[in-house]
1. Name the residues in region 74-97 that are surrounded by fewer than 17 Cβ atoms within 10 Å (Cβ to Cβ) and among the acidic types (Asp, Glu), would you?
2. I'm checking my understanding of the structure. Among residues of region 1-53 that are farther than 13 Å from residue 104 by Cβ and among the hydroxyl-bearing types (Ser, Thr, Tyr), which one is modelled with the lowest pLDDT?
3. Name the residues in region 1-44 that are closer than 21 Å to residue 72 by Cβ and aromatic (Phe, Trp, Tyr), would you?
Amino acid sequence: MLQDIYNSIQDKIQQQIQERFGLSEEQTSQSSTVLMENFKKFFSEDLMAGGMSGLRELMSNGLNDIKTNPTLQNLRDNVLNDLVNKVGLSEDTAQKVRDLSLTEVFEGFRAEFTDENGKPDISKILSKVSLGDFQDKAQELMNKIGVDLGKLFKK
């Protein structure tokens, strides 16, 4: 189900990139692919590397302005670098594409997972994440923070 959300956001980004920046179809496709790959890596590796502290830091710094949120600096730098080096965009165009794209990604996920007040909506989250995905991520997170549930419950 998360893949459906990624695909929907990627399609929207591609349309906006092509309309606003007049990139070729190939550059547009590559740009959105680079963005989504970096976002997935950021979320699954960079953000979760420190357990929940990375996610708390991201939320406490606010998602209203992704350009100044310090937790997102590495993501912004990686996307810019890939747009320039992998897609071949000029730095100026790459910055504009990155800023528009990252805003759209976070807005897309915000719309999918929060209520009208911008607070996480558990029912929305659970309706979009399969139980198997949740179990896998929970186990991965527990392993990263060094919790052995067998020892915790003396089994």
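The values are calculated or read from the model by the stated rules, or taken from the named source; none is laboratory data. All values derive from a computational prediction rather than experimental measurement. Counting neighbours? That spans all protein chains shown, and the Cβs are built from the backbone with ideal geometry, glycine included.
1. Within region 74-97, 77, 91, 92 meet the criteria.
2. Filtering first and then ranking leaves 53.
3. 6, 39, 42, 43 - these are the residues of region 1-44 that are closer than 21 Å to residue 72 by Cβ and aromatic (Phe, Trp, Tyr).
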